[in-house]
Each structure stands twice: as C-alpha cells, then as structure tokens.
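Report on the following structure.
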Amino acid sequence: MDEIDPQLLRVLRAVADGGSITRAAAALGSSQPAVSQLLTRAEQRLGHALVLRGGRGATLTHAGQVLADHALHVQAALTAAREDLDAVGGLTRGRVRLAGFPSASSALVPAVLARMAATAPGVHTSYVEVEPPEALDLVRSGAVDVALTFTYVGDEVGTVPDPGLVTRALGRDPLALVTPADASRPGGPGPVRAGGSTVVDLASHRDARWIGGCPRCRGHLLASCATAGFTPDIVLETDNAAAVVGLVAAGLGVALLPRLALATAVVPAGVAVDPVDDDLARRVEVVVARGADRVPSVRAALDAVRSAAHLLA
C-alpha cells in the first residue's frame, strides 16, 4: 500500500470533528483549498474515496473513518518517539495538557499538579477547566492529553463508546443533600453536620425549592427526584459550589452537591450536609486517547492522577 501521511490522518480527524472541509482547515490552521487538494491527492494515491462532499458540509466514507480512527494513535506514537529521543539527548522531557471539571479543580487537580512537579519537574504541565463533554472533545481533537471527567449511573445508556478514547475509573464521588438546618432536625439549629450517617430520602424535600447545577448535574437531579416520585422545583442554577452553599444558608433552596465540591467549600453554621443514597454517587474517570499512554509525559500524568485517587471514595 502507498505510504499514508500522518498529516492526512490529522485532516480526516478534523473533517470528522468539524463536519466540513472549511472547518477542518480552520482547526488545522490551513486553507480550505490546501486541505481539499491534499484529500484529492490522497484519494487518487490510495484508490479509495475518503470524503463525501455536499452542500451542507462533508462526511467521511467508511475508508475515511477507518483512517481517521488511527489519527490519535499515530499522533501519540509520534509524540512518544519525540519525547523518548529528547530524553536520550538530555533535552526537554515534553509537555502534558490536562482538563478537568470544576469541582475537581479545587481538590483533585492540585494533588495531581503537585505530584507532577515532584516527579516530573521537566514536564511542562498546563490545565484547563471544562465540563466533561467539552473535555472529551478536547481529547478527541488532540488539544488536551488527559481529561478528568465524571459520569452518573445510566449515562452510558444509548451511547456508543468512542473507539479512539480509553477511560479508566478512579473512584466514586458521593453526593450529599445540602439544606438549611432548622429546629426540626436532630440537635436543632446549629453547625454543619457534614458526613452524617443517616441517609436522607430526597422525597422528604419534595416541596422544597431546589438549586440546580451544570446541565449534566441538573439532568441527574431530575432523574433522581423522578425515581423518588416527584419533580423538583428548580428555581436557581449555578455551577459554583460556594454560591450554592451561600444560597442554602440564606434559606433560598436545597441542593445536591458532590463531596469533591464540598471538600474545599466553607460551610457555615446553620447549613446541614447529609448523605443520600449511595446509588446516586457519580463515577470519576480519567480519559486519554488510545495509545497516548506510550508518551512519557502522559504516563507521568496518569501516574499522578492515580496517586490522587485516594481523595475519592
């Protein structure tokens, strides 16, 4: 078979992600004519149609998709080879780009970055905070090497696993119900009762005003309350855990928050934090492109992530 250019694989991946040759060219920092010509030459050389061009964009043929699925693997192998060669020559140890969800930023991520600084000081490590769907897109596009994400039970229903990604479970992040403490609670009003042993039934707060979070968390709240037999009255929404606690302290609503979000939040007196059914916990995961663990800097980051997993249940 004629040689397959790694640049062709990157172009096909960009077309698959962007849905058009124009968007693929923009993502690669190239021009539309240059990308189109590269694809035409590749189709002639390989003897396969790779892209279906239409008025509304472009899609990959089966042959094009087969090649595109190899793009991240090949890029990982090239990066690994470069970093191994640099290490032999005593040059830079490479770089690694991390992405994570907001509540990981204040608990998991500092531990990961500190571990990287201690064990791989020559690796340039960067971090960006995004919600899981955006983090997965960044890994697919090659803009991020390692992503911390989370899923809830049932999220996988109806979804097709991405063959280009590898997901590893890190642990569980239990949820807690955050409510204003009042005289009807055991012990009466007073300081936070974090980590209590009594599991709270969501249905006992069916008449409360609720505070929602990110779209995925809101969906999980709706599903969990539906299982408990009611629809929550979501009147406020914020992704900021400190803001949620403040709203609860002011008596403006109740909320479900993950323990990671509460780990660094200042919970004032008069706010109660109680466990809910363990089945509501979310799974925290780390995601990389298939084959990326061959890259020394990515391996170091994965080791750092695993070392921080003790912060989870």
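The values are calculated or read from the model by the stated rules, or taken from the named source; none is laboratory data. It should be emphasised that the depicted structure is a prediction, and the values quoted were computed from it without experimental measurement. Please note: Cβ atoms are built from the backbone with ideal geometry, for glycine as well, and neighbour counts cover all protein chains shown. Heads up: the accessible areas ignore ligands, DNA and RNA and are worked out on the full protein's heavy atoms, side chains in. Shrake-Rupley method; radii C 1.70, N 1.55, O 1.52, S 1.80 Å.
Here are a few things to note about the model shown:
- The DSSP beta bridges internal to the chain are antiparallel in roughly 70% of cases.
- Residue (of 126, 100, 138) at the positive-pole extreme of the chain, dipole from beta-carbon charges: 126
- Using a simple spin-label model with pseudo-atoms 7 Å out from Cα toward Cβ, residue 290 and residue 231 lie 4.2 nm apart.
- Cα-based helix-to-principal-axis angle, 71-88 vs the chain, degrees rounded to 10: 90
- Label positions at residue 126 and residue 313, each projected 7 Å from the Cα along the C-beta direction, are separated by 3.6 nm.
- Counted residue by residue at 0.36 nm each, then reduced by the alpha carbon distance between them, the extension gain from residue 62 to residue 41 reaches 5.8 nm.
- Solvent-accessible area, 1.4 Å probe, carbon plus sulfur percent, for the range 267-313: 50
- Counting 0.36 nm for each residue step from residue 53 to residue 277 and taking away their Cα separation leaves a gain of 75.6 nm.
- Rounded to the nearest 500, the 222 nm mean residue ellipticity of the chain from helices alone is -12000 deg cm²/dmol, with -39,500 (n - 2.57) taken per DSSP H run of at least 4 residues.
- Estimated FRET transfer efficiency (residue 303, residue 82; beta-carbon r; R0 22 Å; 0.05): 0.65
- Virtual spin-label span in nm between residue 31 and residue 114, 7 Å along Cα→Cβ: 5.2
- A run of the chain free of exposed loop cleavage sites, with GluC sites (Glu not before Pro) counted only in DSSP states other than H, G, I, E and B and at most 13 other beta carbons within 10 Å, reaches its longest extent at 157-313.
- Between the range 253-279 and the range 26-77, the alpha-carbon center distance in angstrom: 48
- Accessible surface computed residue by residue for the chain, with neighbouring protein chains in place and a 1.4 Å probe, gives 49 Å² per residue.
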